[in-house]
Every structure is written in C-alpha cells, then in structure tokens.
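A quick write-up on the structure given underneath.
The values are calculated or read from the model by the stated rules, or taken from the named source; none is laboratory data. None of the values given here were measured: they were computed from a predicted structure. As a convention, Cβ positions derive from the backbone with ideal geometry for all residues, glycine included, and neighbour counts pool all protein chains shown. Keep in mind that these areas ignore ligands, DNA and RNA; they rest on the heavy atoms of the full protein, side chains included. Shrake-Rupley method; radii C 1.70, N 1.55, O 1.52, S 1.80 Å.
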Amino acid sequence: MLYYERQSKIACMNKKINRQFRLAARPVGLVKESDFEYREEPIPSLKDGEVLVRTIYLSLDPTNRIWMSDMDQYMPPVEIGSVMRGGIIGVVEESKNQNFKQGDLVSGMLGWQDYALVCSDNVSSLMRLPNPLLAPLTAFMGPLGATGWTAYFGLLDIGQPKAGETVVVSAAAGAVGSVVGQIAKVKDCRVVGITSSDEKCRWLVEELGFDAAINYKTTDLVSALAQSCPKGIDVYFDNVGGSILDAVLPKMNLYGRIPLCGLISTYNASEPVPGPYNYSQILMKRVRVQGFLILDYFSQSHIAIKDIGQWLQQEKIKYALEIVEGLENAPKALQKLFDGNKKGKLLVKVSEEPS
Ligand SMILES: NC(=O)c1ccc[n+]([C@@H]2O[C@H](COP(=O)([O-])OP(=O)(O)OC[C@H]3O[C@@H](n4cnc5c(N)ncnc54)[C@H](OP(=O)(O)O)[C@@H]3O)[C@@H](O)[C@H]2O)c1
C-alpha cells in the first residue's frame with residue numbers, strides 16, 4: 001500500500017484533516033501517480049463571507065491532462081505545488097455567507113481535496129444545484145453536468161443537425177460522446193459512433209439507440225465509415241482529432257459542420273502532432289469547423305439542464321457512470337480516460353452524500 005493510501009485511510013477515519021493532491025511534476029506522456037503529491041492540511045476555519053464545502057464527487061476529465069501541462073491553453077496551467085484543479089459536487093458544511101447555508105448542494109472548480117474554503121471573492125463561482133434535485137446527484141456529474149452541457153451546446157449550437165442528416169461522433173461511449181449521439185437521435189438524425197471496443201459498440205447500438213458503431217481499433221475506419229454513412233456525413237462531433245478526424249474528412253458532405261470539442265488523441269504527445277492531412281477537404285466541401293469551450297455557455301446551463309432533464313425522464317437519454325471509490329484513488333483513476341477502460345462519465349466518490 002502506498003504511503004498516501006495508508007495515511008488517507010487513517011485521515012478518512014478521524015476526519016480531522018483535509019486530504020489533498022497537489023501537482024508535483026508536469027507529466028511526460030501518460031500521467032503517472034508520481035506527478036501528484038499527497039498532502040494533509042488542517043480543515044480551514046471561516047471568516048465572514050466565506051463558505052466551507054465538503055467534496056462528495058470529484059470529476060475526472062481529459063482536460064485535467066491539459067491543465068497539468070505548461071502549454072498555451074484556455075486557463076492558466078495548474079502551478080507546481082498547487083492543489084490539482086478539478087470540478088466537484090459538494091455540500092456546504094459551514095457558511096458565513098448569506099447566500100449559502102449549511103446543507104446546500106453546490107458544484108464548482110474546488111479541486112482534488114476533501115474540503116475547500118471558498119473566499120468571498122469566489123463565492124459567485126459556486127453553482128447551486130436545483131432543489132429538489134429531480135435526478136440522482138451523480139447525474140449532475142454526467143448528463144446534467146458540464147459534460148452533458150458540452151454535448152448539448154456543441155451539437156445543437158455549433159453542429160446544428162437537421163432531421164435526416166448523418167451525425168458521427170468520436171469517443172462515442174464517453175461522457176460527452178454518449179450524450180451527443182442520443183441528442184442527435186432525439187433530433188431524428190442517423191447516428192454513428194466511433195469507439196474502441198466491441199462491447200462499447202454493442203452498448204451504443206443496443207442500449208443507447210445509435211444506428212451504427214465502429215470499433216476503430218479493429219476495423220478499417222475509412223471503409224467502415226463508407227458503409228455506415230451511405231449518404232455521407234453532415235455533422236462530425238470531434239472529441240479526438242488525429243487520424244480519426246483524417247478518416248472522417250473525405251466523407252464530409254457539402255456545407256457539413258464539425259464542432260471541435262476535444263483532441264484527446266494528442267493530449268499525451270510530447271512533440272507537436274502533425275495534420276490533419278485531409279485539411280483540403282474542409283475547403284472542397286465548404287465545411288465549417290468551429291472549436292468551442294463549455295465555459296462560454298455556463299450562463300445558459302439551465303437551458304441544457306431543462307431539456308436533458310426532460311429527455312432523461314422520458315428515457316430518451318440513458319447514461320453510464322464509472323465511479324471510483326476514494327480520493328486516494330484519483331491519480332491512478334485518471335488513466336482510465338486514456339486507456340479506454342471505462343464507459344460513460346468517470347468520477348471519484350470522495351465522501352458520502354447527505355442523507
Ligand atoms: N470543449 C469543451 O468545453 C469540452 C468539455 C468537455 C470535454 N471536452 C473534450 O471532449 C472529449 C471527450 O471528453 P469526455 O469528458 O467525454 O471524456 P470521455 O470520452 O468520457 O473519456 C475519454 C475517451 O477518449 C477516448 N480516447 C482516449 N485516448 C484516445 C486516443 N488516443 N484516440 C482516440 N480516442 C481516445 C477513449 O474512448 P474510446 O474507448 O472510444 O477510445 C476514452 O474513454 C475530450 O477530448 C475532452 O477534452 C471538451
């Protein structure tokens with residue numbers, strides 16, 4: 001048992017400390033457990049205007065890998081020695097702020113730790129969850145949380161699918177991709193998912209209602225796309241970039257749309273990644289490629305929550321969660337995002353939900 005696993009179990013039992021993971025080193029290639037440092041700090045005491053939040057669930061996301069790198073990005077990189085950045089759902093344990101009271105369920109970017117003190121300047125960044133919730137709390141880490149909103153706005157606002165069109169999505173069995181495909185079905189599109197195993201393909205088609213799914217590890221993607229998309233591709237929701245994007249580009253229809261959501265195939269690369277090689281197809285087919293960040297849509301998240309909530313109730317959207325038990329397992333669990341060893345949304349259960 002690693003030192004921090006043993007310490008963390010003791011800490012869990014007496015609950016007197018705040019367990020944290022801080023960034024110890026900038027990863028080279030895949031993230032290693034040694035890129036994090038385990039620390040124990042006292043639980044902070046509050047001043048006027050402040051709120052203390054206990055973490056219940058920690059979200060693990062591909063963008064964690066970006067934040068750990070010292071590269072040009074959409075937020076400042078996490079500094080070496082700082083608590084690792086991460087989205088959480090938590091409960092207000094104590095409040096000296098009139099806008100929050102003990103027991104409120106909130107989400108925010110409060111990091112890889114048991115407790116976070118939110119100072120008065122940052123309290124406005126806390127998002128209060130609906131009361132009553134109307135769905136399990138974990139759904140707010142999945143389709144009703146940021147990855148669900150990403151699917152919703154990326155597909156509907158940027159992709160603009162129309163009934164009868166063909167929508168292809170990569171990392172289709174993941175948190176964002178699985179919701180993208182199901183929303184596209186709600187909009188009466190033909191939906192084709194790309195993922196890494198036959199079991200995930202089966203899940204997409206038989207349980208989530210995709211029209212077809214392609215295992216990119218075992219199939220020739222170019223011929224599989226030709227077979228699954230006989231009318232070409234109108235919307236390609238790109239979660240991965242790289243060679244999958246290159247295989248898709250020649251199949252794009254005139255005036256097709258590519259919401260560029262993520263480039264996970266490149267996140268662990270130590271050298272700049274060349275390509276796409278079929279870039280010319282964007283010109284020939286007059287394709288619109290648009291990158292987007294869900295941060296820009298946060299103020300509209302209530303719209304996504306309302307629609308996705310309704311589709312969940314109508315069972316038009318289903319979801320899977322991969323829940324890892326214990327903050328101590330977060331560094332190792334991050335690898336599941338890159339080895340394809342999970343379905344749906346990856347999260348860590350840090351403490352119990354309030355009863
Ligand atoms: N723009 C935004 O605001 C925003 C917000 C959230 C997420 N994202 C991006 O959206 C993408 C999906 O995020 P997510 O949270 O839903 O993660 P996820 O899909 O739940 O997990 C990542 C998945 O990516 C696939 N993958 C990993 N390495 C790959 C590689 N080398 N080549 C191809 N596929 C690979 C794996 O699925 P397979 O088994 O299918 O290979 C893995 O399960 C990521 O690129 C992420 O950065 C963007």
Problem set entry | Condition met for Asp307 (more than 18 Å from the chain's Cα centre (by Cα), of a type in the set (D, E, K, R) and assigned to a helix (DSSP H, G or I)) | yes
Problem set entry | Phe140, sole failed condition from (1) open to solvent by 40 Å² or more (accessible area, probe 1.4 Å); (2) within 30 Å of Pro76 (Cβ to Cβ) | (1)
Problem set entry | Residues (of a type outside the set (Ser, Thr, Tyr), under 30 Å from Asn131 (Cβ atoms) and touching a Ser or Thr at 6+ places or on another chain (Cβ under 8 Å)) located in the range 51-95 | Val51, Leu52, Arg54, Ile56, Asp61, Gly86, Gly87, Ile88, Ile89, Gly90
Exercise. When you go through (1) modelled with pLDDT under 95; (2) within 15 Å of the ligand (Cβ to nearest atom) one by one for Met13, which number turns out not to apply?
Worked result: (2)
Seminar exercise, completed: Over the range 274-289, the set of residues loosely packed, with under 13 Cβ neighbours inside 10 Å and either among the hydrophobic types (A, V, I, L, M, F, W, C) or within 27 Å of Leu60 (Cβ to Cβ) (or both) is Leu283, Met284
Problem set entry | Subset tally (residues that are among the aliphatic types (A, V, I, L, M), more than 10 Å from the ligand (Cβ to nearest atom) and under 14 Å from Asp307 (Cβ atoms)) for the range 141-155 | 2
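Restricting to the range 332-355, give me the number of residues that are more than 16 Å from the ligand (Cβ to nearest atom) and buried (at least 22 other Cβ atoms within 10 Å of the Cβ).
Residues of the range 332-355 more than 16 Å from the ligand (Cβ to nearest atom): 349-355.
The next check asks that each one be buried (at least 22 other Cβ atoms within 10 Å of the Cβ); those that pass are 350.
Count: 1.
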For this session: Output the qualifying pairs, or none if there are none: Cβ atoms under 6 angstrom, residues six or more apart or on different chains, first residue in the range 176-191 and closer than 12 Å to Thr150 by Cα and within 16 Å of the ligand (Cβ to nearest atom), second residue open to solvent by 10 Å² or more (accessible area, probe 1.4 Å) and part of a helix (DSSP H, G or I).
Result: Val176/Thr147; Val176/Thr150
Exercise. Here are Ala163, Ala135, Ala139, Ala116: which of them is touching a strand residue (DSSP E or B) at 6+ places or on another chain (Cβ under 8 Å) and not basic (Lys, Arg)?
Worked result: Ala116
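Residue-by-condition table, conditions (1) open to solvent by less than 20 Å² (accessible area, probe 1.4 Å); (2) assigned to a strand (DSSP E or B); (3) under 17 Å from Arg190 (Cβ atoms):
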residue	(1), (2), (3)
Ala226	no, no, yes
Lys231	no, no, yes
Tyr236	yes, yes, yes
Val240	yes, no, no
Ala247	yes, no, no
Asn253	no, yes, yes
Gly262	yes, no, no
Ser265	no, no, no
Ala269	no, no, no
Exercise. Here are some residues: Arg26, Arg128, Arg39. Which one is touching a Pro at 6+ places or on another chain (Cβ under 9 Å), of a type in the set (Lys, Arg), more than 15 Å from the ligand (Cβ to nearest atom) and open to solvent by 10 Å² or more (accessible area, probe 1.4 Å)?
Worked result: Arg26
For this session: Find the residue count for the range 204-217, including only residues that are more than 10 Å from the ligand (Cβ to nearest atom) and within 14 Å of Gly340 (Cα to Cα).
Result: 0
For this session: State whether one or more residues within the range 315-324 are among the hydrophobic types (A, V, I, L, M, F, W, C), open to solvent by 30 Å² or more (accessible area, probe 1.4 Å), out of contact with any Gly (no Cβ under 6 Å at 6 or more places or on another chain) and part of a helix (DSSP H, G or I).
Result: no
